[in-house]
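Contents: one structure, followed by commentary.
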Amino acid sequence: MVFVEPLGNNLLDKAPTNTALIFSEQSPGVVVSSADTTCLLNKMHCARVSVLIVLLVGLVQVHSFSWDVVVGNNRQLEFYNNGTLTHTEDVVPSPRDMHSVTYDPVHYRLLFTDYDSSNLAISSFDLSTRKIQRLLTTTTNHYYARVAYDPVTQALFWKDGHSIRSFSLNPACSNKADGNLLFKLEHICYDLAVDSCGGFIYWVTDYEIERARLDGSEREVLIDSLVYDRTSLAIDQQTQRMYWTETILINDVYQVYIKSANFNGKDRTTLYEYVAGSVIRAFSLAVSKDFIYWQIYSDQGIWQLPKYSSQPEARKLYSVSSSGNMYLHRIATNYTLEEQIEGVKSCHALQALIPHDSNSGSTVPVCQNYCFQGECGVSADGRPTCSCKAGYSGERCEVYACHKHCSNGGVCSLNEENKPVCQCTAGYVGERCDVSICKDYCLHQGNCSVGAESLPNCSCAAGYSGERCEVAGCRDYCLRGNCSVGAEGGLTCSCETGYSGARCEVNACQGYCLNGGVCSLNEEDEPACECAAGYDGGRCELPAYNDNSCEAVTEGGTVGACHQFCLHDGVCSLNEAGEPVCQCSADHEGDRCEVPVYNDLSFQLVATVLKGKPKVTVTVGGGEQSTCASAAL
């Protein structure tokens, strides 16, 4: 295992500046250059750095010890091997306390967070030299800080309450004083983990598990049905799955679940359920080649569960003695890169970090472990040079051509010329799948979506049509009128005479005249009817006859003379002159049957002698009907 540590005064006082010492677990070391590298996070800015190569004269002895699990216990690291505490290291001075710990298998070091009332620090502990190096001190909120590390980009990620931040350990990269803010979160983040092969960071809150690219893009919620807080999270490349803990309180009894899903949140399963008494919480989770490890708050125990058993049984390995806050204890495992990607075919990013052509001798040649994916040679001036394998580049062949080459989930492969090519997912095109097929496809503010056949579909704004909404807004919009476009893009119609409606689709004469009448507009642009024979009325809704005894006669649309001529059920007919004549019923008389006839009459003639001619008063049915001048009696 190889790691890089900046030279200290007590190791090589006369070493040139800007040098670094490479160690091996089994072998002494030499001073060689760090690779010219590029920071892969878009939000970090880098410059290339050249470092001198100097050969050590003599051998440097390297000490190491065996361990499989390490626990961050308040101010010290506790190393366990096969269930036995084998070693402790005091790494945090009082009154500071340790928050979390994670393992960097490339540089054989532990990265941990510690804090006091004023600040949060991130430091490293070199497992070979046992040196502690302060990497970052920040004054940001350090509420139960958790740390994760990506060896591919050399980026640290940590959460501090409602935010996730990053910090590059690549010396060629610049960082902000308090780290680079990646996300502001609505809910408190409890843990985070990195998928170095896929280039994602995962995090968990009270309610959900989310992920995003390491530069903060493509953020998405994977699981939104978590049960309880204090949930821990781990990523495993070997199984291509993520693991997390959930705790639920039922009738004052806590139940702890160890659950798993693939990297996109699908294929969820419960691996283990632990039912116990009060105050039972799982708050730290880690994976190794063969096991899943977690801690239980109440018994301060480290528990172990086989990854590959069809019916796994958990067992308690050991208890952690502590006088401090168990919530601050975190665990990490000795999980090497070789073990992590064993059997994984598509993790070139981590594969490139595994040194090749290593020897077990007592000296380290200048070329040993220098070229990650290529053959090493020595130049005339003693410098190592690399001849990279197909698909790799960089001074040390550390850059895989397909690494982050394809965007938006595209799958990268090398063609016959060893150039990266992308197979894009539905909805994306371009050499690197970085162009959405919807980009600039729909015109005039139309909304684009990807259809079932991975083709773009447009939903056009009002007044626009066509496959791409390319047909001008007013074209064919108003059926009988003139169209205009408003300030906000809406369409308005000014209709022709006799038409109305939003698109002038309503004809005023349509259906207005009944019974075959013909409609036209009058001088006031209102509908008027010319009725068919036998009909009358404003809309030709009335028949033009009386009891079928009078034949309607019309001339130029004029109603016959008998129409409504005879009153009180009189029957009308035309005489030879074409004039209407009425045949009245028994109780009416007159030219139009307008005068009633009284059959039971009593007349009382009252003669009144007046000055002049006498007058006669006729009383009909006991009532006075009329008074008229009379002839002489």
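The values are calculated or read from the model by the stated rules, or taken from the named source; none is laboratory data. Note that this is a predicted model, so its numbers are computed, not measured. Here the Cβ positions follow ideal geometry from the backbone for every residue, glycine too, while neighbour counts run over all protein chains shown.
So here's what we get for this one:
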{"quantity": "Selected residue (only one of 270, 231, 239 is within 21 Å of residue 333 (Cα to Cα) and at pLDDT 90 or above)", "calculated": "239"}
{"quantity": "Qualifying positions in segment 431-463 - under 24 Å from residue 490 (Cα atoms), of a type in the set (Ser, Thr, Tyr) and loosely packed, with under 15 Cβ neighbours inside 10 Å", "calculated": "449, 459"}
{"quantity": "Hits in segment 569-615 - residues which are in contact with a Ser or Thr (Cβ under 6 Å, 6 or more places away or on another chain), modelled with pLDDT of 50 or more and among the aliphatic types (A, V, I, L, M)", "calculated": "571, 581"}
{"quantity": "Within segment 485-540, considering residues that are of a type in the set (Ser, Thr, Tyr) and surrounded by 14 or more Cβ atoms within 10 Å (Cβ to Cβ), the one nearest to residue 460 (Cα to Cα)", "calculated": "492"}
{"quantity": "Check on residue 164, surrounded by 22 or more Cβ atoms within 10 Å (Cβ to Cβ), without any contact (Cβ under 8 Å) to a residue 60 or more places away in the chain, of a type outside the set (Ser, Thr, Tyr) and within 21 Å of residue 238 (Cβ to Cβ)", "calculated": "no"}
{"quantity": "Count of residues meeting criterion [modelled with pLDDT under 80 and closer than 20 Å to residue 428 by Cβ] in segment 440-475", "calculated": "2"}
{"quantity": "Scope segment 377-406; condition polar (S, T, N, Q) and either farther than 23 Å from residue 200 by Cα or buried (at least 19 other Cβ atoms within 10 Å of the Cβ) (or both); matching residues", "calculated": "379, 385, 387"}
{"quantity": "Test for residue 422: is it part of a strand (DSSP E or B), without any contact (Cβ under 8 Å) to a residue 40 or more places away in the chain and in contact with a strand residue (DSSP E or B) (Cβ under 6 Å, 6 or more places away or on another chain)", "calculated": "yes"}
{"quantity": "Residue 188 aliphatic (A, V, I, L, M) and more than 24 Å from the chain's Cα centre (by Cα)", "calculated": "no"}
{"quantity": "Residue list for segment 512-534, filter: in a loop (DSSP other than H, G, I, E, B) and under 16 Å from residue 496 (Cα atoms)", "calculated": "522, 523, 524, 525, 526"}
{"quantity": "Matching residues, segment 75-90, being assigned to a loop (DSSP other than H, G, I, E, B) and either surrounded by 20 or more Cβ atoms within 10 Å (Cβ to Cβ) or at pLDDT below 80 (or both)", "calculated": "none"}
{"quantity": "When residues of segment 253-263 are limited to those that are of a type in the set (A, V, I, L, M, F, W, C) and surrounded by 21 or more Cβ atoms within 10 Å (Cβ to Cβ), the one nearest to residue 339 (Cα to Cα)", "calculated": "258"}
{"quantity": "Odd one out for residue 408, checked against (1) touching a residue at least 40 places away in the same chain (Cβ under 8 Å); (2) farther than 27 Å from residue 347 by Cβ; (3) in contact with a strand residue (DSSP E or B) (Cβ under 6 Å, 6 or more places away or on another chain)", "calculated": "(2)"}
{"quantity": "The one condition in (1) part of a loop (DSSP other than H, G, I, E, B); (2) at pLDDT 90 or above that residue 186 fails to fulfil", "calculated": "(2)"}
